[in-house]
Structures are given as C-alpha cells and as structure tokens.
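Report on the structure given below.
The values are calculated or read from the model by the stated rules, or taken from the named source; none is laboratory data. Note that this is a predicted model, so its numbers are computed, not measured. Don't worry about glycine lacking a Cβ; one is built from the backbone with ideal geometry, like all the others, and counts go over all protein chains shown. In case anyone asks, the SASA skips ligands and DNA or RNA and just uses the protein heavy atoms, side chains included. Shrake-Rupley method; radii C 1.70, N 1.55, O 1.52, S 1.80 Å.
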Amino acid sequence: MNKTAVIIFILAAILVMGGAGYYGFYTTQTPTPTAAPQTVSVTSCDVQQTVTAPGNLENVNVADVKMPSTGKLSAVNVRVGDFVQAGQTLAELDPVTKTQAQVDLLEAQDALEEAQKNRNILDYPRATDAFIRDLRKKVNNQRDVVDELDKNYRHAEDAVLRGQILASLTTAKEELTRLESNLSWYTSNPSEQDKTNANSELALVQAKYDAVIAILESLEIKAPFDGVVFAVNAHISETYQAETTLFTIGDPKALEVKANITEEDFPIVAVGQAVEIFFDARADITVQGKVNRVIPQRIEGDRPRYNIYITLDEVPDGLADGMTADASITITKRENVLCLPRSIVRASGVDEVTLKVWVNQTVETRQVTVGLRGDSDVEILSGLNEGDQVVIQ
C-alpha cells in the first residue's frame, strides 16, 4: 500500500468516527418542551343577560294643598324647603271666614236634626190612643156644630140673619175638614213612598252637613303627610278663591325611576324583572329595584323608544327628583354555573362550539355545548369541567 492510500484511509476513519460521535450526542439530548399557549380557566359564575335603560328619578307623592273656601289668611306658618309632619298647620283662615263657616255649621246641624226627626216618626204610631180619642171627639163636636148651623140657616127668614149664619157655617165646615184630615193622617200608617222620601231627604241633609264639617275642619290648613314644602303661594291678608293652590308638599323619599328602552328590548322587558340602578349623584352605591310598569306607547323623537317605571327597594340619602339614573334590567340569569368569558366563545346562534383545551402539555379539541349567552360570560352545559384551561384563539 503506497503512502497516499494510507493517508486517505486514515482520513476516512476519522470522518466516520466523528460522525458517529455527533449522532450519539444528538440522540441522547432531552427534547425541548412545546411552549404553553395562553389560556383561560373554566370557572363557576352567574351568567346574566341584561338591558340598559337611561332615565331620571321622579317624585310620586306630591300634593297640592288648596284654599278650603273663599276668604283671607290670617297666618302662614311655613316656607319653601321646610320639613313638615302630617297634620301640621301650614296656614290659618281669618276670623271672618271662620265665623261664616261656624254659622253654616249651625244651620246644617238644625236641618239634620229636623230631617232625622221626620224620618224617625215614620217608624212609630203617629199619635197615642188618647190623642186620637180626643181628636175624634173634636170631629164629632164639630159635625154637630155644622149640623146645627145648617139647620138654623135653612129655617132663618131674615136675610141679614141668613147671611151671618152662612158665614159661620162656612167657617165651621172648614174647621171640620181640617179636623177630619188630621184624624185621617194620625190614624193611618206611613206608606213606603213616605219612608223613601224621608230617607232621601235625610241623606241629602247629611251630605250637606258632612261638607260643612269638612270645610270647618280644614280652616286650619294642614299638611297631608310628612314631607317637604316644594312651593308656597300664600300671603297674609290676601283674598283667595276656594280651591286656589296655596302650598305644594312632596315626600322626598317617594321616588321611582322613569327610564326608556329601545324597540328591540321592548318585547323582552316585563313587569317584575330585577333591576340594578346607578346614579351619577351617588356613584358609590348600587340600588336594587324592580320593573313596575311598561308603557306600550312610543315616545316622540327620532328613535323609537318606550317608557318604563322602576320602583326602588330602598331610597338612600342624597337622591332627589330629576336626578339622572342608569338602569340594568336582568332579563335572564343562571346562578353558579360553569362559564367562560364571552370573548372566548365567539360563535353565536348555535348550541355547540369547538374549543381547544390545554391538557398535559398538549392541545385537545373539544365539542362544547353552551347555554345562556350573557353580557360578559357564556354558560357551559357540557364538554368542559371546572378548572379546564381553554386556549385563547
């Protein structure tokens, strides 16, 4: 073997040994693990679908206190902004107006007593037996007088005497007619029509009496309930006609929200649904309430919207009529269910979606059944368990 061949053989041996060493080193290295993808954990939460409704607070207990009768005021006891209690005197009428009302009361009381008397006598005999016997005797005596005068008149020959007897006879007959009429009335029983007429008259007089009493009681003009004086239109010594509004009283805690919804939301909003209400004036609180009324009449404006009214479970301090409110109406809610953020479950309008799950350093494909699609989360019905790591796609 010549020298050149030996050198080539040695070089080939070195190359073979180097390649074998590199292959052995490469095959014994630990494989680099696949990088974990970004995931979201399946959790339990409350999934809810809501509708937003902007609006304002409205006072639902405001009353006008009016002048009870025409007259002047002798005292005005409150100012705008004063807190008043039910029954507190707001103003008083002058003595002249009071005097007239007291006179009216006396007259109404006399009329009522007379009507009650007239009705009561219909339930009892009209006279005692002794009275009727005496009256019959008077009737009989008067008949005798009439017969005697009639006899004398027929036998009298002198014209002057006949004229005098005729005058006496006429008067006697009138008296007999009166006595017989009285006897007939006292010995008869009242008819059902008599009782009906008496009852009607008594009811009419009673109503007039009650009206006078009401006016007299209202002479000291009083607050109808606990509240705040919103307006005063009353001044001492000025004359006011009856029914003129003197004061406006409102209960500051009697508040509800008047809000409005879109025509798309109108079919799904219903009375009784739970509501969360937020106020710019009290950003630190959330008030619970319920939909109380839904008005099926479009509000005037460019966009079709409809009014709803929301009652508040409680009215915290710091709220007042006219303040802005934002309502979140709960349409549907699932409590303590498996859920994922809505951004992860992007498919809409279907009950089953395909999601990727990170399990044991690998990605699995799962078919997942979904339920309620809420505002921020989606209900998971099957295909995932709590704690599963869903890949963000």
Using only the alpha-carbon atoms, how far is helix 192-217 inclined from the longest principal axis of the chain? Give it as 0 to 90 degrees, nearest 10. 60 degrees
Using alpha carbon centers only, region 365-393 is separated from region 120-175 by a whole-angstrom value of 114 Å
Which lysines, if any, have their Cα less than 27 Å from the Cα of Lys151, not counting same-chain residues under 8 positions apart? Lys137, Lys138, Lys173
Cα→Cβ-extended label distance, 7 Å offset, between Arg282 and Glu201, nm: 6.2 nm
For region 315-393, which whole-number percentage of the solvent-accessible area (1.4 Å probe, protein heavy atoms only) is attributable to carbon and sulfur atoms? 44 percent
Would you mind telling me the share, in percent, of accessible area of region 64-223 contributed by carbon and sulfur at probe 1.4 angstrom? 50 percent
Amide H neighbours of Leu73 under 5 Å, counting only residues 5+ apart in sequence or on other chains, H built in-plane at 1.01 Å? Asp94, Ser237, Glu238
Under a plain spin-label model, where a point goes 7 Å from the Cα along Cα-to-Cβ, how far apart in nm are Gln164 and Ala254? 8.6 nm
Filtered hits (lysines, Cα-Cα < 29 Å from Lys222, offset >= 8 within chain) -> Lys66, Lys72, Lys98, Lys208, Lys253
Name the residues whose placed amide hydrogens come within less than 5 Å of the amide hydrogen of Val269, ignoring near sequence neighbours (fewer than 5 apart) on the same chain. none
How far is it, in nm, from the label point at Asp147 to the one at Asp326 when both lie 7 Å from their Cα along the line to the Cβ? 11.0 nm
What is the local net charge at Thr245, summed over the other residues whose Cβ is closer than 12 Å to its Cβ (Lys, Arg +1; Asp, Glu -1)? -1
Length gained if Thr43 through Val294 is fully extended, taking 0.36 nm per residue and subtracting the Cα-Cα distance, is 86.8 nm
Tell me the per residue accessible area of region 229-288 using a 1.4 Å probe; a whole number in Å² is fine. 50 Å²
Counting only C-alpha contacts under 8 Å and six or more residues apart, can you give the relative contact order of the chain as a whole percent? 30 percent
